[in-house]
Amino acid sequence: MTSGPIGNVARATLAALVLVLGSGAARAAEAPFTQLMALLAARRSGTVTFVARTYAAGLTRPLISSGVLRFRAPDHLEQRTLKPVPSELILDGEHMTVRRDGQTHQLNLRAYPNIAVYVDALRATLGGHGRALRQQFAIGWHGTVAHWRLTLRPLQADAHVRQIRLAGAGATIERIEILAPHGARTVLHLSDAPAAP
């Protein structure tokens, strides 16, 4: 190991080089993320079908549900579950409406933090709001805009979700995986909804 003034200069130069190269890599990853957010922001609404599989301790097989997801910018989101039990979850801003078994409940989204963290991630991603995502999540980016994966880790220590993973192609989200702190996870596979006649 080199010591003395030359060694200190070499270490300082190496540290500066690592910082410059590291920030260059971060900027390189930032460019496709910014492009993806712009693509998603341009898509003001969408409807997809979903198949969700929930895995948890004590289950011998996953719970499977399916239905339709709808988004309309800036913050309208609907999840209409068709199978196995019809239900409906409609979100407009902080207002949440839940319909199931012939009953309707009007709720405030913030009273349900386990749902809110997922909804915030999904709406910010669908709306192309990179800044909102950065304010609430540590973001991991993999791939290109053509085929991408996002990993969102809530910045709040008491979050009810450990991680949210999204994958897609261009402005289309194809897969969402929600990991809970206690090991349960839900995986949603999304497909374009058939066009209405």
Quiz item: Under a point-charge model restricted to the Cβ atoms of Lys and Arg (+1) and Asp and Glu (-1), what is the dipole moment magnitude of the range 118-165 relative to its Cα centre, in debye to the nearest 20?
Solution: 100
Quiz item: Shape call for the range 46-193 from the C-alpha gyration tensor, a ≥ b ≥ c root eigenvalues: rounded (a/c under 1.5), prolate (a/b greater than b/c) or oblate?
Solution: rounded
Quiz item: Which one of I139, V85, A111 is farthest out on the positive end of the charge dipole of the range 4-192, using unit charges on Cβ (Lys, Arg +1; Asp, Glu -1) and the Cα centre as origin?
Solution: I139
Quiz item: Taking the Cα centre of the range 4-192 as origin and charging only Cβ (+1 Lys, Arg; -1 Asp, Glu), how large is the dipole, in debye to the nearest 20?
Solution: 280
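Bear in mind that the values in this text are calculations on the coordinates, not laboratory data. What you are looking at is a predicted structure, and each value in this text was computed from that prediction instead of being measured. For neighbour counting, all protein chains shown are included, and Cβ atoms are generated from backbone atoms with ideal geometry for every residue, glycine included.
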